[in-house]
Amino acid sequence: MEPQHERFMREAMNEAKKAAALGEVPIGAVIVRKGEIVGRGYNLRETQKDPTLHAEMIAIREASQKLGGWRLIGCDLYVTLEPCPMCAGAIVQSRIEQVYYGATDPKAGCAGTLMNLCAEPRFNHQVPVWAGILQEECQMMLKDFFRQLRKKKKEDAKNISLTQTD
Ligand SMILES: [Zn+2]
């Protein structure tokens with residue numbers, strides 16, 4: 001794997017960290033055209049109370065606005081977690097050229113794990129997918145987040161029972 005793919009995946013990871021700072025599941029994405037980042041996004045589902053605000057959707061929207069059209073010709077997408085069905089659909093719709101992702105998603109991954117909407121031959125556009133870019137680091141970020149969340153829930157529960165006994 002060329003080092004530039006790791007460089008852009010690190011940019012996507014930086015976006016994911018912004019999500020984590022807001023208490024969101026840390027998922028980040030960037031869109032790259034001719035070596036330049038033209039769109040960035042991180043998961044904002046909870047903060048904005050909007051189930052469509054996945055990292056990829058936000059990055060696609062930003063790139064379309066920046067490039068002045070819905071066709072993201074010559075654009076590659078880097079995302080820390082395998083795209084879900086909605087995002088894989090948006091990737092096909094926006095004519096993105098290649099997708100690079102970090103961790104696989106056994107529960108919702110539709111870029112090769114549960115199915116591959118990006119490579120569906122019956123659609124009018126297919127997108128090659130490259131899995132496992134900085135996979136361990138991307139996975140670790142998610143694992144750490146959920147570990148902290150469980151810990152916090154446990155502490156909250158403890159605090160509530162302490163208040164009750166007082
Ligand atoms: Zn998604």
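Figures for the structure shown
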item	result
Test result for Leu22, without any contact (Cβ under 8 Å) to a residue 60 or more places away in the chain, out of contact with any Asp or Glu (no Cβ under 7 Å at 6 or more places or on another chain) and open to solvent by less than 30 Å² (accessible area, probe 1.4 Å)	no
Count - residues of the range 127-145 that are touching a residue at least 12 places away in the same chain (Cβ under 8 Å) and open to solvent by 80 Å² or more (accessible area, probe 1.4 Å)	1
Subset tally (residues that are more than 14 Å from the ligand (Cβ to nearest atom) and open to solvent by less than 80 Å² (accessible area, probe 1.4 Å)) for the range 113-125	4
Index of the failed condition, Leu53 passing every other in (1) more than 13 Å from the ligand (Cβ to nearest atom); (2) open to solvent by less than 30 Å² (accessible area, probe 1.4 Å)	(1)
Residue list for the range 75-109, filter: open to solvent by less than 30 Å² (accessible area, probe 1.4 Å) and either away from the ligand (no atom under 12 Å from the Cβ) or closer than 16 Å to Arg33 by Cα (or both)	Cys75, Leu77, Tyr78, Val79, Ile91, Val92, Ser94, Ile96, Val99, Tyr100, Gly102, Ala103
Residue match in the range 14-33 (condition: farther than 30 Å from Leu149 by Cα, assigned to a helix (DSSP H, G or I) and of a type in the set (A, V, I, L, M))	no
Count - residues of the range 146-166 that are open to solvent by less than 70 Å² (accessible area, probe 1.4 Å) and over 22 Å from Val79 (Cβ atoms)	3
Subset of the range 27-45 that is within 14 Å of the ligand (Cβ to nearest atom) and touching a Leu at 6+ places or on another chain (Cβ under 8 Å) - its residue that is most open to solvent (accessible area, probe 1.4 Å)	Arg45
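Yes/no per residue for (1) in a loop (DSSP other than H, G, I, E, B); (2) in contact with an Asp or Glu (Cβ under 6 Å, 6 or more places away or on another chain):
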position	(1), (2)
Lys49	yes, no
Leu53	yes, no
Ile73	yes, no
Cys87	no, yes
Arg95	yes, no
Gly102	no, no
Gly109	yes, yes
Asn124	yes, no
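The values are calculated or read from the model by the stated rules, or taken from the named source; none is laboratory data. What you see is a predicted model, and the numbers here were worked out from it, not measured in a lab. All Cβ positions, glycine included, derive from the backbone under ideal geometry; neighbour counts span all protein chains shown. What goes into the accessible areas is simple: the full protein's heavy atoms, side chains included, and nothing from ligands, DNA or RNA. Shrake-Rupley method; radii C 1.70, N 1.55, O 1.52, S 1.80 Å.
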